[in-house]
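The structure under discussion appears below in the form of structure tokens.
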Amino acid sequence: MAKVYVFDHPLIQHKLTYIRDKNTGTKDFRELVDEVATLMAFEITRDMPLEDIEIETPVCMAKSKVLSGKKIGLVPILRAGIGMVDGILKLIPAAKVGHIGLYRDPETLKPIEYYVKLPSDVEERDFIVVDPMLATGGSANEAIHSLKKRGAKNIKFMCLIAAPEGVEAVKNEHPDVDIYIAALDEKLNDHGYIVPGLGDAGDRLFGTK
Ligand code: URA
């Protein structure tokens, strides 16, 4: 069964407060999202495999640990997911970055893929799918399907703010995908916005409306 991790580190919670605040402008919003993404990347990489190598310190030979070179793929869901990419790459700079673009079919309201570009070695990578908001779970589920149908086997999903409805939807559809969240909010409103949330993450990141 999927595990859900809520990163309630004080630094993350502090920065999230200013991300939520409607008076925070585009520049600060972008910087704060970047910083929280870095802090979350620190937590999400906790289970990365290590191996021993031998090195020589100024004092003696020593066995010491390095990352065992597990390949990571980072996949932002367009467009708001892009705001979290650089912050994560600060800690895992060798990660390859794929992109998945989805739009909502106006009749069925289902998310439809319009753009997918992934690293060529999908089957060998562990993937982190990122989107700041996990609302209904429709986009997250479709992006995860998209990766799985191309051969991805190990996928994590990371977002800033989730609604309980979205968490349940991803857990039900992808029980093998762990979910990493900075805050679990109350609910979705009638317009599909997370409450209290932060508004439209894409608009706030890119200064559009
Ligand atoms: N997407 C957003 O950007 N904000 C929400 O509250 C829900 C979905």
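The values are calculated or read from the model by the stated rules, or taken from the named source; none is laboratory data. None of the values given here were measured: they were computed from a predicted structure. Positions of Cβ are backbone-derived with ideal geometry, glycine not excepted, and every protein chain shown enters the neighbour counts. Protein only, heavy atoms only, side chains kept; ligands, DNA and RNA dropped before computing areas. Shrake-Rupley method; radii C 1.70, N 1.55, O 1.52, S 1.80 Å.
Restricting attention to the stretch 26-48, which residues are of a type in the set (Lys, Arg) and buried (at least 16 other Cβ atoms within 10 Å of the Cβ)?
Start the filter on the stretch 26-48 by keeping residues that are of a type in the set (Lys, Arg), which leaves 27, 30, 46.
Across the stretch 26-48, the qualifying residue is only Arg30.
Given the residues Pro76, Pro111, which is the only one that is in contact with a Ser or Thr (Cβ under 6 Å, 6 or more places away or on another chain), under 30 Å from Gly192 (Cβ atoms) and open to solvent by less than 90 Å² (accessible area, probe 1.4 Å)? It would help to see each step written out before you state the result.
Details: Pro76 fails: in contact with a Ser or Thr (Cβ under 6 Å, 6 or more places away or on another chain).
Only one candidate qualifies: Pro111.
Inside the stretch 109-144, can you point out the residues that are without any contact (Cβ under 8 Å) to a residue 40 or more places away in the chain, within 16 Å of the ligand (Cβ to nearest atom) and under 21 Å from Met40 (Cβ atoms)? Spell out the reasoning first.
Start the filter on the stretch 109-144 by keeping residues that are without any contact (Cβ under 8 Å) to a residue 40 or more places away in the chain, which leaves 109-117, 120, 123, 137-138, 141, 144.
Now drop any that are not within 16 Å of the ligand (Cβ to nearest atom), which leaves 109-111, 137-138, 141.
Hits for the stretch 109-144 are Gly137, Asn141.
To keep it simple, each residue is scored yes or no on (1) within 30 Å of Ile112 (Cα to Cα); (2) at pLDDT 95 or above; (3) in contact with a Gly (Cβ under 9 Å, 6 or more places away or on another chain); (4) open to solvent by less than 50 Å² (accessible area, probe 1.4 Å).
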residue	(1), (2), (3), (4)
Leu50	no, yes, no, no
Glu56	no, yes, no, no
Gly83	yes, yes, yes, yes
Leu89	yes, yes, no, yes
Ile92	yes, yes, no, yes
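Quick check on this structure: which one of Glu168, Glu173 is more than 15 Å from the ligand (Cβ to nearest atom), more than 22 Å from Leu74 (Cα to Cα) and not basic (Lys, Arg)? Reasoning before the result, please.
On the way: Glu173 fails: more than 22 Å from Leu74 (Cα to Cα).
One residue alone meets the criteria, Glu168.
Scan the stretch 179-209 for residues that are within 23 Å of Ala2 (Cβ to Cβ), within 11 Å of the ligand (Cβ to nearest atom) and buried (at least 20 other Cβ atoms within 10 Å of the Cβ) and jot them down. Write out each step before concluding.
Initially, the stretch 179-209 is screened for residues within 23 Å of Ala2 (Cβ to Cβ), giving 179-188, 192, 194, 197, 201.
Among the residues that remain, those that are also within 11 Å of the ligand (Cβ to nearest atom) are: 185, 187-188, 192, 194, 197, 201.
Listed by number, the residues that qualify are Asp185, Ile194, Gly197, Ala201.
Please determine, by comparing only the residues of the stretch 52-97 that are touching a Pro at 6+ places or on another chain (Cβ under 6 Å) and touching a residue at least 24 places away in the same chain (Cβ under 8 Å), which one is nearest to Lys156 (Cα to Cα).
Going through the stretch 52-97, the residues touching a Pro at 6+ places or on another chain (Cβ under 6 Å) turn out to be 68, 70, 73, 80, 82, 85, 96.
The next check asks that each one be touching a residue at least 24 places away in the same chain (Cβ under 8 Å); those that pass are 70, 73, 80, 82, 85, 96.
Details: Lys70: 14, Gly73: 10, Ala80: 17, Ile82: 16, Val85: 15, Lys96: 15 Å.
By that ranking, first place goes to Gly73.
Check Asp131, Asp178, Asp190 and return the single one that is farther than 20 Å from Thr17 by Cα and within 13 Å of the chain's Cα centre (by Cα).
Values: Asp131 fails: farther than 20 Å from Thr17 by Cα; Asp190 fails: within 13 Å of the chain's Cα centre (by Cα).
When all the criteria are applied, what remains is Asp178.
Residues are listed down the side, and each one gets a yes or a no for (1) surrounded by fewer than 21 Cβ atoms within 10 Å (Cβ to Cβ); (2) within 13 Å of the chain's Cα centre (by Cα); (3) of a type in the set (S, T, N, Q):
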| site | (1), (2), (3) |
| --- | --- |
| Glu123 | yes, no, no |
| Ile144 | no, yes, no |
| Arg150 | yes, no, no |
| Asn154 | yes, no, yes |
| Ile161 | no, yes, no |
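Of a type outside the set (Phe, Trp, Tyr), touching a residue at least 40 places away in the same chain (Cβ under 8 Å) and either within 13 Å of the ligand (Cβ to nearest atom) or farther than 22 Å from Leu39 by Cβ (or both), is that true of Leu147?
yes
For the stretch 1-25, give me each residue that is open to solvent by less than 30 Å² (accessible area, probe 1.4 Å), in contact with a Leu (Cβ under 6 Å, 6 or more places away or on another chain) and within 18 Å of Ile194 (Cα to Cα). Spell out how you get there, then give the answer.
Going through the stretch 1-25, the residues open to solvent by less than 30 Å² (accessible area, probe 1.4 Å) turn out to be 2, 7, 12, 16, 19, 24.
Filter once more, keeping what is in contact with a Leu (Cβ under 6 Å, 6 or more places away or on another chain): 12, 19.
Residue satisfying the conditions is Ile19 alone.
Taking the stated definitions as given, is Lys153 within 14 Å of the ligand (Cβ to nearest atom), touching a residue at least 12 places away in the same chain (Cβ under 8 Å) and not hydrophobic (A, V, I, L, M, F, W, C)? Step through it out loud before you land on a result.
Details: within 14 Å of the ligand (Cβ to nearest atom): no; touching a residue at least 12 places away in the same chain (Cβ under 8 Å): yes; not hydrophobic (A, V, I, L, M, F, W, C): yes.
No, not satisfied.
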